[in-house]
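One structure below.
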Amino acid sequence: MEIIVCKDYEEMSRRAAELAAEGLRQRPDGLLSFAGGETPLGTVHVFADMVNRREVDISRAHYVSLDEWVGLSNADEGSCGLFNNRELLARLKKPFAACRIINGAAENMEAERDALNAYFAQYGPLTVSVLGVGMNGHLGFNEDGVSFDLDAHIVPLSETTKRVMSKYFGEKFHPTHGISQGIRQIMAAERVILIANGAHKADIIQKAVTGPVTNSVPASVLQNHPKCYVVLDEAAAAKL
């Protein structure tokens, strides 16, 4: 792991986007994935701006979303698909060669999982994976206790994730499951960029970066990745 501590959220976002762009420059026909949510928002916007300024060419690259709440389509507020479409894809003046955005409202979720795995088989492995970290150390919806040997899978949400999800949905929606890229697919990425900001992430970052590698803290597996960058603001890095 290479730990990069930035002054604030803006610097963290810019540095993470630069690392993602660097990875695609090395493999222009590669496969890219961004996590959704508040933490990656700045990174996604900076990356889109870099594409639009022609600082990185994505015309031959492919894109895949990380995860989705089961029950939500990519048109639903709070969905990861809407985040990807609105905050990244719609901002691009020129598109990726192809994209795969997970549909959490698919009639057959097992078929949706299989289609995600098939996309990886066709265009993978990941060239760049940009990840956030959950309060329980999850990566995507790879919750605590997950097997590190899984590809894309459908998973029951942890109680921690269910509590945190209220900031996205309030009382409107109570998902019980998520669909996610698996740890094996994430670990096969050429480059992983883990980002975190804020004092509330300091404890879990300390466990993920300096604690034992254990599936009780899924992000700790990234200690074993050969090219993982951990990009933090000063508050999230406070306990390292």
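The values are calculated or read from the model by the stated rules, or taken from the named source; none is laboratory data. What you are looking at is a predicted structure, and each value in this text was computed from that prediction instead of being measured. Positions of Cβ are backbone-derived with ideal geometry, glycine not excepted, and every protein chain shown enters the neighbour counts.
The residue list ILE179, ILE204, ILE154, ILE186 contains one member that is closer than 18 Å to CYS80 by Cα, in contact (Cβ under 8 Å) with a residue 60 or more places away in the chain and in a helix (DSSP H, G or I), which is ILE186. Looking at TYR123, TYR168, TYR229, can you tell me which residue is of a type in the set (Phe, Trp, Tyr) and modelled with pLDDT under 95? Step by step, each of TYR123, TYR168, TYR229 is checked, and only TYR168 is of a type in the set (Phe, Trp, Tyr) and modelled with pLDDT under 95.
Checking VAL213 against (1) under 16 Å from the mean Cα position of the chain (by Cα); (2) β-branched (Val, Ile, Thr); (3) at pLDDT 95 or above: exactly one of these is not met. Which one? Here VAL213 clears every test but (1).
Contact map, the range 40-52: first residue free of Cβ contacts under 8 Å to residues at least 40 places away in the same chain, second residue charged (D, E, K, R), Cβ cut-off under 6 Å, separation 6 or more or different chains; pairs are VAL46/ARG14.
Let's see how each residue does on (1) farther than 24 Å from GLY81 by Cβ; (2) part of a helix (DSSP H, G or I); (3) of a type in the set (Ser, Thr, Tyr); (4) more than 16 Å from the chain's Cα centre (by Cα):
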site: ALA16; (1), (2), (3), (4): no, yes, no, no
site: GLU22; (1), (2), (3), (4): yes, yes, no, yes
site: ARG25; (1), (2), (3), (4): yes, yes, no, yes
site: PRO28; (1), (2), (3), (4): yes, no, no, yes
site: GLY36; (1), (2), (3), (4): no, no, no, no
site: PRO40; (1), (2), (3), (4): no, yes, no, no
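Within the range 135-151, does at least one residue satisfy the condition of being in a helix (DSSP H, G or I), over 25 Å from PHE47 (Cα atoms), of a type in the set (S, T, N, Q) and modelled with pLDDT under 95?
No, the range 135-151 contains no residue that is in a helix (DSSP H, G or I), over 25 Å from PHE47 (Cα atoms), of a type in the set (S, T, N, Q) and modelled with pLDDT under 95.
Taking the listed residues PHE96, PHE47, the one that is part of a helix (DSSP H, G or I) and among the aromatic types (Phe, Trp, Tyr) is PHE47, with no other qualifying. Is there any pair linking a residue in the range 110-121 that is on the phi < 0 side of the Ramachandran plot to one that is polar (S, T, N, Q), with Cβ under 8 Å and at least six apart or on different chains, and which? Listed pairs, sorted by first residue: GLU112/ASN103; LEU116/GLN181; PHE120/GLN181; PHE120/GLN185.
For (1) surrounded by fewer than 18 Cβ atoms within 10 Å (Cβ to Cβ); (2) under 17 Å from LEU72 (Cβ atoms); (3) of a type in the set (S, T, N, Q), each residue gets a yes or a no:
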{"site": "ASP114", "(1), (2), (3)": "yes, no, no"}
{"site": "PHE120", "(1), (2), (3)": "no, no, no"}
{"site": "VAL128", "(1), (2), (3)": "no, no, no"}
{"site": "GLY134", "(1), (2), (3)": "no, no, no"}
{"site": "GLY140", "(1), (2), (3)": "no, yes, no"}
{"site": "VAL155", "(1), (2), (3)": "no, yes, no"}
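Just name the residue that is farthest from the chain's Cα centre (by Cα) out of those in the range 70-92 that are in a helix (DSSP H, G or I) and of a type in the set (A, V, I, L, M, F, W, C). Per the stated criteria, the residue is ALA90.
None of ILE179, ILE193, ILE186 is within 13 Å of the chain's Cα centre (by Cα) and farther than 21 Å from THR43 by Cβ except ILE179. Of all residue pairs spaced 6 or more apart or on separate chains, those with beta-carbon atoms under 7 Å, a first member in the range 75-99 that is at positive phi and a second member that is not in a loop (DSSP other than H, G, I, E, B) are GLY78/TYR168; GLY78/PHE169. Is it fair to say ARG100 is farther than 20 Å from HIS174 by Cα, within 15 Å of the chain's Cα centre (by Cα) and among the basic types (Lys, Arg)? Yes.
Going by what's in this entry, would VAL231 be described as buried (at least 23 other Cβ atoms within 10 Å of the Cβ) and assigned to a strand (DSSP E or B)? Even if it seems obvious, please write down each step before you answer.
Values: buried (at least 23 other Cβ atoms within 10 Å of the Cβ): yes; assigned to a strand (DSSP E or B): yes.
When the stated conditions are applied, VAL231 passes them.
Only a single criterion out of (1) of a type outside the set (Gly, Ala, Ser); (2) crowded, with 17+ Cβ neighbours inside 10 Å; (3) under 22 Å from VAL164 (Cβ atoms) is not satisfied by CYS6, namely (3).
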